[in-house]
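Have a look at the structure below, then the notes.
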Amino acid sequence: MPPHPTPTPTPTIAGVHIDTRHWINGRRSESASGETFPDLSPIDNTELAQISRGGKPEAHAAVAAAKAAFPAWAATPPPARARILHAIADGVEKRLEELAQVETADNGALVRSHRRGVMPRVAHNFRFFADWLTNNLSHPDFDTKTHTEVHSNTRRNHVSWDPAGPCVLITPWNAPLMMESWKVAPALAAGNTVVLKPAEWSPLTASLLADIAAEAGLPAGVLNVVQGYGAEAGQALVEHPDVRRISFTGSVPTAQHIATAAAANLTPTSLELGGKSPLLVLDDADLDLAVELAVEQYDNAGQVCLAGTRLLVHESIEAEFTQRFIGRASNLTQGDPRDTATDIGPNIHARQLEKIDGFVQRAVAAGATAVIGGGPNTDLNERLGGLYYRPTLLTGLGQDAEAVQEEIFGPVLTLQTFSSDDEAIALANGTRFGLAATVVSGDRAHADRIAARLVAGTVWVNCFYVRDLRAPFGGSRRSGVGREGGTWSFDFYCDLKNTVTAQQTFTAQQTFTTQQTSTTQESGSDHG
Ligand code: ADP
C-alpha cells in the first residue's frame, strides 16, 4: 500500500478544473522524480493542491522545447503573432471570473480587485503588446517616427527589433498572473519563446494561462510552464546556456542569485525588485487626498512592491494627518478576500506572517509606537484559520531603524516628519531602494521641484499605482536593473540590429528615398 494516496493532478479549485503538472512542448507532464509539493491557501491555510515539483530534467526539457519552437515562431509574421495574442486576451476575458476566483484562493488578494482591475489588465497586457508590435514596431514608418532611422547622403541606417530566442520568466506570488502577462505578452509579441516559472506559493493561474494560450492557437513549445521551487526549477532555468533573456520580479537576495547565474552565460537580465518607497505629504497638501492615498498603501495586505510604506509628513500637519489617518484606517474591513466587502485580506504564508511580526516586534522593542495594529489579527486567524495581520502604523522611528530601511512586505507603514524640502528629500532618498515615490501637494511647482529630486523609477503626484503601459517601469538602485513597458519591453526582449546600406550601390528604383539627410551624425565605425 502506498504511504499516501496519489494526489490528482487535476484538482478542482474554486469550481475550476486545474492541471497542476508542467506544460512543456504542448503537453502536460509530471516531474521525472514523480515528486509534488503542497500549495496552500492563505485564506484558511488549507491545502489547495499538490503541484509538480520541477527540477533540472523539466527545466532542460522546457528550454529545449522553447529553443526548437523559436525559429518558426520568430518567422511568424507580426500580424499573425498579434492575432494569437489577442485570442489569448479573449480567453482571459472569457474566463475572467474563474481566474479571479482561483487567484484569490491561491494568493489571498481581494476577489473584487481581481475582477475589477487585475484580470482586465492581464487581458489588456496581451492586447497592448500585440498592438504595439503591429502598429509601431513592425510598421514601416516606426523608424522615422522615433528617429531611429538615420539617413546620410550615401548610407541608410535601419534599426530592427529582432527576436532574441528562449526567454526565462520568473514571477512572484503577490500579483501572479498580472506579472506573468506583463512579461509573457511582450516576450511572445517580440517573436521569442518562453519558459515561465511561477512562484511556488501561487502557481495555479499560470497553469490556466497555458490552457488559454493553447486554446488561442499558440503553437507547442512557444509557451512552457515549469512548476517548482526557486532553488530547484528556477535555478536550473536561469543557469541554462541556451536562454537568451531572463526577466525576474522578486526579492533582492534572489535577484543576486539569478544575476550570478546569468553572469556565467552573459544572459541579459531584467530585474524588478523590492522597494521602500516614500509617500510625501507636503504642507500644502489636500489632507483628505493624502489620507486616502496613505490608506491605499495597505492594499493587497501590503504585499505590493510599489507601496509607499514610508509616510513622510510635514511636521506642521502631522497631528491632524495622523488623527485622520487613524480614523480612516480603523474603518477598513479585514477578512476573507472572497467577500466583496473586505478591504484587507490575509498575507501569503505563515513564514511571511512571522517575518512581518518580527519586524514590528523588533521596532516596538527599540522604542517605536504602533499607533494602530501591531500584531496578527488573532480573532480572524482563530475564526478562519488564516494568515491575517492587522494594518499597522509605526511612529517614533529614526531613519536608520530597520523598519524604515528594510522591505517588510506586509500591512505595516512607518511615519516620520520633516520640516523642510531638503529634509524631506534626504529622508525620501535615504534608503538603498529607488522603486517609486508619491508626492501629495496642492502646489504644482512645489510638487514638480520635489519630484525632480527623488530617486525612483516612478513618481506619482497626487495619485498612486495608475500607470500607462507605454511608459517605462523599473527601479533605481537596489530596486532593479533595466526598464520594461512600451518600447522598453521590446528593447529588452529583442536583439536590436542596425543595418547600414550603401544606397548608391543600388539602382535608383531600389534606393530608399531619404527625407532627412545628415552627414554630421556619421562618425566612423564603432568597435566594442
Ligand atoms: P520571496 O522571497 O518574496 O518569496 P523570491 O524573490 O524568492 O520572493 O521569489 C520570486 C520568484 O523567484 C519565485 O518564483 C521563486 O520560485 C523564484 N526563485 C527563488 N529562488 C530562485 C533561484 N535561485 N533561481 C531562480 N528563481 C528563484
>> Give me the extension gain from E47 to T333: residue separation times 0.36 nm, minus the current Cα-Cα distance, reported in nm with one decimal.
In response: 100.4 nm
>> Which order do the peptides 420-427, 501-508 come out in when sorted by mean C-beta neighbours inside 10 angstrom, highest first?
In response: 420-427, 501-508
> Once the piece of chain linking E320 and A32 is laid out straight, how much longer is it, given 0.36 nm per residue of separation minus the C-alpha distance between them?
Replying inline: 97.6 nm
> How far apart, in nm, are the 7 Å Cα→Cβ label points at A350 and V466?
Replying inline: 4.3
> On the accessible surface of the stretch 1-143, probed at 1.4 Å, how many percent belong to carbon and sulfur atoms?
Replying inline: 56
> Residue separation times 0.36 nm, minus the C-alpha to C-alpha distance between T369 and K94: what's the value?
Replying inline: 94.2 nm
> Taking θ as phi - 60°, what are the ³J(HN,Hα) couplings along the stretch 243-258 by the Karplus curve (6.51, -1.76, 1.60), each to the nearest whole Hz, with x for Gly and Pro?
Replying inline: 7, 9, 8, 10, 10, 10, 10, x, 8, 4, x, 5, 4, 5, 4, 5
> When only C-alpha pairs under 8 Å and at least 6 residues apart count, what is the relative contact order of the chain, in percent?
Replying inline: 18
> So what's the gap between the Cα centers of the stretch 62-128 and the stretch 284-323, to the nearest angstrom?
Replying inline: 33
> If R0 is 22 Å, what FRET efficiency do you get for R155 and D242 from their C-beta distance, rounded to 0.05?
Replying inline: 0.05
>> Can you list residues from other chains, or at least 5 along the same chain, whose modelled amide H is less than 5 Å from the amide H of L496?
In response: D162
>> I want to check the label-to-label distance for A72 and D379. Put each point 7 Å from Cα in the C-beta direction and report it in nm to one decimal.
In response: 6.0
> Which of the lysines could a cross-linker bridge to K67, judged by Cα under 29 Å and excluding same-chain residues fewer than eight apart?
Replying inline: K56, K183, K197, K497
> Which percent of the accessible heavy-atom area of the stretch 271-312 goes to carbon and sulfur, probe 1.4 angstrom?
Replying inline: 49
> Per residue, what volume in Å³ does the convex hull of the Cα atoms of the chain enclose?
Replying inline: 167
>> What number comes out for accessible area per residue over the stretch 404-468 if the probe is 1.4 Å? Units Å², please.
In response: 38
>> Among 265-271, 63-69, how do they line up by average Cβ neighbours within 10 Å per residue, starting with the highest?
In response: 63-69, 265-271
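The values are calculated or read from the model by the stated rules, or taken from the named source; none is laboratory data. Quick caveat: nothing in here was measured; it's all calculated off a predicted structure. With ideal geometry, Cβ positions are generated from the backbone for all residues, glycine too; neighbour counts draw on all protein chains shown. For accessibility, only protein heavy atoms count, side chains too; no ligands or nucleic acids. Shrake-Rupley method; radii C 1.70, N 1.55, O 1.52, S 1.80 Å.
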